[in-house]
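Structure first, commentary second.
The values are calculated or read from the model by the stated rules, or taken from the named source; none is laboratory data. Every value quoted in this text rests on a predicted model; they were computed, and no experiment measured them. Cβ placement follows ideal geometry from the backbone for every residue including glycine, while neighbour counts extend to all protein chains displayed.
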Amino acid sequence: MDGEWIRVGNVADIDEDDTHPVEIDGRRVCLYNLGGEIFATDGTCTHGDADLSLGMVVDSCLIECPLHEGTFDIRSGRA
């Protein structure tokens, strides 16, 4: 995954303000559609082994961890 684009599906399949989990080379990744822009984050929360695809998109740009309810900015990764 070193700077390469990897096709993982169709943009039309990524619902707006929802999570879309995929696996790339054995790694969980979570895709998001925020106002027509597609973003990708690691699929696992940094604070534990929680699956971020089970979290909720809140305030139009944050993913909320389903385990500890912490939030991360989908656009920047900032906690």
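So which residues in the stretch 51-68 are small (Gly, Ala, Ser) and either surrounded by 16 or more Cβ atoms within 10 Å (Cβ to Cβ) or assigned to a strand (DSSP E or B) (or both), if there are any at all?
Residues of the stretch 51-68 that are small (Gly, Ala, Ser), as a first pass: 53, 55, 60.
Ser53, Gly55 - these are the residues of the stretch 51-68 that are small (Gly, Ala, Ser) and either surrounded by 16 or more Cβ atoms within 10 Å (Cβ to Cβ) or assigned to a strand (DSSP E or B) (or both).
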Residues in the stretch 34-50 that are buried (at least 17 other Cβ atoms within 10 Å of the Cβ) and part of a strand (DSSP E or B) total 3
Run Glu23 past the list (1) in a loop (DSSP other than H, G, I, E, B); (2) modelled with pLDDT of 95 or more; (3) acidic (Asp, Glu) and report the number of the one that doesn't hold.
(1)
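Considering only residues of the stretch 1-33 that are of a type in the set (S, T, N, Q) and farther than 21 Å from His68 by Cβ, which is surrounded by the most Cβ atoms within 10 Å (Cβ to Cβ)?
Taking the stretch 1-33 as the starting set, the residues that turn out to be of a type in the set (S, T, N, Q) are 10, 19, 33.
Filter once more, keeping what is farther than 21 Å from His68 by Cβ: 10, 33.
Values: Asn10: 7, Asn33: 19.
Taking the candidates together, the pick is Asn33.
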Residues of the stretch 47-79 being among the polar types (S, T, N, Q), touching a Cys at 6+ places or on another chain (Cβ under 9 Å) and in contact (Cβ under 8 Å) with a residue 24 or more places away in the chain, in sequence order, are Ser53
Of (1) over 11 Å from the mean Cα position of the chain (by Cα); (2) assigned to a strand (DSSP E or B); (3) among the hydrophobic types (A, V, I, L, M, F, W, C), Ala79 satisfies every one except (2)
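Select from the stretch 69-79 the residues that are surrounded by 15 or more Cβ atoms within 10 Å (Cβ to Cβ) and out of contact with any His (no Cβ under 8 Å at 6 or more places or on another chain) and write down the one among them that is nearest to Glu16 (Cα to Cα). Even if it seems obvious, please write down each step before you answer.
Pass one, the stretch 69-79, residues surrounded by 15 or more Cβ atoms within 10 Å (Cβ to Cβ): 70-72, 74.
Imposing the further condition that a residue be out of contact with any His (no Cβ under 8 Å at 6 or more places or on another chain) reduces the set to 71-72, 74.
Details: Thr71: 18, Phe72: 17, Ile74: 13 Å.
In this case the residue turns out to be Ile74.
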